Amino acid sequence: MTIAATRAQLAADDTLVGRALCAAWTAAVDRWLAGLVDDALAGGDPRGVALAAVGGYGRGELSLQSDIDVVLLHAGRDDVGELADRIWYPVWDARLKLGHAVRTVNEALALAADDLDTATSLLQVRHLAGDPALTAELATKAELRWRKRPRRALAALAARVRERHRRVGEVAFLLEPDLKEGRGGLRDVHALDWAQAARSILWETDEAALRAAYDTLLAVRVELHRQTGRPGDQLLLQEQDGVAGALGYEDADALMRAVAAAARTIAWTSDDAWSRIESSIAGPFARARRSRDLGGGLRLRDGEVAIADAADVAGDPSLALRAAAAAAARGTRLERRSLARLAAEAPPPPEPWDAATREALVELLAAGPPAVPLLEALDQQGVWERYLPEWASVRSRPQRNAVHRFTVDRHLWEAATGAAALAGRVARPDLLLVGALLHDIGKGQPGDHTEAGVEIVARLAPRMGFDERDSEVLVALVRLHLLLPEVATRRDIDDPATIAGVAEAVGSREVLELLAALTEADALATGPAAWTEWRAGLVRALVARVDHVLGGGDPRAVAEPFPTPAQRALLAAGRTSITTEEDRLTVVAPDRPGLFSRVAGVLALHGLDVVQAAAASEGGWAIEEFRVQSSFGPTFSWDRVVADVDRALSGRLAVGARLAERARTYGRRRSVVPVGDPEVLFDLEASDDATVVEVHAADAVGLLYRVTSALADLDLDIVRAKVQTLGPRVVDAFSVRSPRVGKVTDPAVLAEIERALLHALAEV
């Protein structure tokens, strides 16, 4: 059987996965290359020449698409060039990727002295064929030289690791991670192994978890190569389902959760090891710091927070949280020996929690972002879930959402620690911090995550020692944590009914105050797209108006009417006008169907995304105001836009045709996550005098134009629009009225609106 046939046979054997497939393919290549060496020697003397595997092949982790990295060692043989040709050409003829070199032992060592990649590859040299003494000599000398200058080797490795992490990003939190080079990827384990070869740096207790995590990622990478039939280490979205099925995961979400968990274990172990390595490189004088008592069973020892030897770990449920809080406050780490004690001895809290434990949790979260690595340390050591067993359902759970940067658990930590910066805005910072920590806890359960979260927190808050009133506030924060951004970005906050509805839902100024801070912390922890200046301004305006109502004010008194008196004057003038101011375009024109869509279409032609719009009409004239942001940068010129709006209003610009041409040129914006089918939703309660129509769809050129044209065809007036893009998905909300009946409530008419909009979206 040829080597190509052997590879095909192994690829078809779905009983072989991960390391087992690597072992089978490595063994097959070993035998084949050994045979090539024997043929090349043709029964001659093998002394003075050897073929050795290096790098990943040397580790025995050859995947089906991996490069075969080898070195042909020789002791000055004159015929080594001819031998090399006899070995390399059959490999090339078999269309296998070959990384090869021909060197003496001294040449290999000399290159390794100046090249980090060569030095590390030789730490994994493995004999394949020929003179084993040559391979053994290289392996021994390479390791000896590596160990002789550990500080230099480790410093170079540390710099390489930092640069790679900065360049590639995190495996645990990327939608399409690089399994090998990313932070928490396979290469991090290789780097730890190389560091270990220079100096013993790993804790014995880390080894099992590290190897299990490594095997998880290795299996995914190997399967990725088998599924795609090509090399590459980035796990693209379209390949995740196939890899998941082949490896026995329920779905892609389950696969990515396993990937995230493994990557986090590797990343944390790597960070811990490199922290100690860099401390050792700095030298004993840099490390030596006086030990001092911090009280409460804690000490500061060599710059790290440590558990005092005499501390009663098993009898103090608050100790782990207090230790982490002390470390976070000082921007340092928890001593590893102390972490090991906590892992072995820390008890779960009592039920309900005592005040000291609850206060320690709040203190830890109040330390802000420096608390995150301490929370990760407690989690990696199995301590965190002793306090919150419910955490298991969200641990490493992927969001698979272009807007979210993190897994659910990490998002909750980021939100809670980010909320610390907002604590001065609220009367009860403890409720803000804990509410932020728990607001998405329901995402680990089936069904609506808010409803699930309410049920969990209703049980959890009393168990944490909060009294009935505080528990009700925490439940309210979870139940309402999406209210403010959804209303602000999708509803007319100038409508008194909207303001009154939010005020009724919130119930008190205390809850509103906490909810406003939680909304901001949640959005900032989600990602840049979730808290833009526009969204922040809308939320703050909504909060101010709701606060007025909760203080006894009239909701009509805080509305900002559209049109304003100045805009009414423009209407009364009865002249077409197109004016601009900063990010706003205002159009006054004779009222007629399709006016809104024409202007929206022109804006789309110029790469301007509408984020908010309003419209009104009086005496046969209409006024429309659009707030926009540019797809191509923060600045743009209005001159050409205004000229094209004028042409469109006068019927001299084929807006629909031009948008179709633009769509063919640019195509649909690439989405890295499934966007789902378009949806049309109706809200008949949000406004007293208009029907709110929500459109959810994949972003595309001309989408707003098509949607608003469809509404115009049904003789519906758009009085207010809120448009937002969330990653690859848009959520557009239109307040519409019928000239004949005003607010539309007839189910038959609503069904026609839905049909028309879905048809328009199908053509985008």
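The values are calculated or read from the model by the stated rules, or taken from the named source; none is laboratory data. Just so it is clear, the structure is predicted and the values come from calculations on it, not from any experiment. Note that each Cβ is placed from the backbone with ideal geometry, even for glycine, and that neighbours are counted across all protein chains shown.
With (1) surrounded by fewer than 22 Cβ atoms within 10 Å (Cβ to Cβ); (2) modelled with pLDDT under 95 as the list, and residue 487 as the residue in question, which single condition is left unmet?
With respect to (1) surrounded by fewer than 22 Cβ atoms within 10 Å (Cβ to Cβ); (2) modelled with pLDDT under 95, residue 487 is out only on (1).
For (1) within 40 Å of the chain's Cα centre (by Cα); (2) among the aliphatic types (A, V, I, L, M), each residue gets a yes or a no:
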position	(1), (2)
543	yes, yes
546	yes, yes
555	yes, no
559	yes, yes
564	no, no
568	no, no
578	no, yes
585	yes, yes
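Taking helices (runs of 4 or more DSSP H) that do not extend beyond region 458-549, which have at least 3 residues that are touching a Phe, Trp or Tyr at 6+ places or on another chain (Cβ under 7 Å) and aromatic (Phe, Trp, Tyr)?
none
Report, by residue number, each residue of region 703-718 that is crowded, with 21+ Cβ neighbours inside 10 Å and either not in a helix (DSSP H, G or I) or not charged (D, E, K, R) (or both). Show your work before the answer.
We begin by selecting, within region 703-718, every residue crowded, with 21+ Cβ neighbours inside 10 Å; these are 703-711, 716-718.
Matches in region 703-718: 703, 704, 705, 707, 708, 709, 710, 711, 716, 717, 718.
If residue 695 passes every condition in (1) of a type in the set (Val, Ile, Thr); (2) modelled with pLDDT under 90; (3) under 36 Å from the mean Cα position of the chain (by Cα) but one, which one does it miss?
Just one mismatch for residue 695, condition (2).
Filtering region 402-460 down to residues that are buried (at least 21 other Cβ atoms within 10 Å of the Cβ) and either of a type in the set (Ser, Thr, Tyr) or in contact with a Pro (Cβ under 6 Å, 6 or more places away or on another chain) (or both), which residue is modelled with the lowest pLDDT?
Going through the qualifying residues, I end up with 407.
For the structure I just gave you, tell me whether residue 171 is within 32 Å of the chain's Cα centre (by Cα), crowded, with 23+ Cβ neighbours inside 10 Å and of a type in the set (Val, Ile, Thr). Outline the logic, then answer.
Working: within 32 Å of the chain's Cα centre (by Cα): yes; crowded, with 23+ Cβ neighbours inside 10 Å: yes; of a type in the set (Val, Ile, Thr): yes.
Spelling it out, residue 171 is indeed within 32 Å of the chain's Cα centre (by Cα), crowded, with 23+ Cβ neighbours inside 10 Å and of a type in the set (Val, Ile, Thr).
Does region 515-534 contain any residue that is among the small types (Gly, Ala, Ser) and either in contact with a strand residue (DSSP E or B) (Cβ under 7 Å, 6 or more places away or on another chain) or surrounded by fewer than 16 Cβ atoms within 10 Å (Cβ to Cβ) (or both)?
Checked against the condition, which is being among the small types (Gly, Ala, Ser) and either in contact with a strand residue (DSSP E or B) (Cβ under 7 Å, 6 or more places away or on another chain) or surrounded by fewer than 16 Cβ atoms within 10 Å (Cβ to Cβ) (or both), region 515-534 yields at least one hit.
Limited to region 334-359, what total is found for residues that are among the acidic types (Asp, Glu), assigned to a loop (DSSP other than H, G, I, E, B) and over 19 Å from residue 271 (Cα atoms)?
Residues in region 334-359 being among the acidic types (Asp, Glu), assigned to a loop (DSSP other than H, G, I, E, B) and over 19 Å from residue 271 (Cα atoms): 2 in total.
From the list 325, 360, 340, 356, exactly one residue is among the small types (Gly, Ala, Ser), touching an Asp or Glu at 6+ places or on another chain (Cβ under 7 Å) and outside the structural domain of residue 420 (by TED's automatic domain parsing). Which is it? Outline the logic, then answer.
Details: 360 fails: touching an Asp or Glu at 6+ places or on another chain (Cβ under 7 Å); 340 fails: touching an Asp or Glu at 6+ places or on another chain (Cβ under 7 Å); 356 fails: touching an Asp or Glu at 6+ places or on another chain (Cβ under 7 Å).
One residue alone meets the criteria, 325.
For region 1-50, how many residues meet the condition of being surrounded by fewer than 15 Cβ atoms within 10 Å (Cβ to Cβ) and under 21 Å from residue 243 (Cα atoms)?
8
Do the conditions hold for residue 270, that is, is it assigned by TED's automatic domain parsing to the domain that holds residue 207, surrounded by fewer than 20 Cβ atoms within 10 Å (Cβ to Cβ), within 33 Å of the chain's Cα centre (by Cα) and of a type outside the set (Phe, Trp, Tyr)?
Working: assigned by TED's automatic domain parsing to the domain that holds residue 207: yes; surrounded by fewer than 20 Cβ atoms within 10 Å (Cβ to Cβ): no; within 33 Å of the chain's Cα centre (by Cα): yes; of a type outside the set (Phe, Trp, Tyr): yes.
It is false that residue 270 is assigned by TED's automatic domain parsing to the domain that holds residue 207, surrounded by fewer than 20 Cβ atoms within 10 Å (Cβ to Cβ), within 33 Å of the chain's Cα centre (by Cα) and of a type outside the set (Phe, Trp, Tyr).
Could you list, in sequence order, all residues of region 444-461 that are closer than 21 Å to residue 508 by Cα and touching a residue at least 40 places away in the same chain (Cβ under 8 Å)?
Passing the criteria: none in range.
Identify, please: which residue in region 107-124 is free of Cβ contacts under 8 Å to residues at least 60 places away in the same chain and of a type in the set (Gly, Ala, Ser) and is, among those, nearest to residue 143 (Cα to Cα)? Step through it out loud before you land on a result.
Kept after step one, since they are free of Cβ contacts under 8 Å to residues at least 60 places away in the same chain, are these residues of region 107-124: 107-119.
With the extra rule that they be of a type in the set (Gly, Ala, Ser), the set shrinks to 108, 110, 112-113, 119.
Working: 108: 13, 110: 13, 112: 11, 113: 12, 119: 9 Å.
Taking the candidates together, the pick is 119.
For residue 127, which of the numbered conditions (1) closer than 30 Å to residue 200 by Cβ; (2) in the same structural domain as residue 271 (by TED's automatic domain parsing); (3) of a type outside the set (Asp, Glu); (4) outside any helix (DSSP H, G or I) fails to hold?
If we test residue 127 against (1) closer than 30 Å to residue 200 by Cβ; (2) in the same structural domain as residue 271 (by TED's automatic domain parsing); (3) of a type outside the set (Asp, Glu); (4) outside any helix (DSSP H, G or I), just (2) comes out false.
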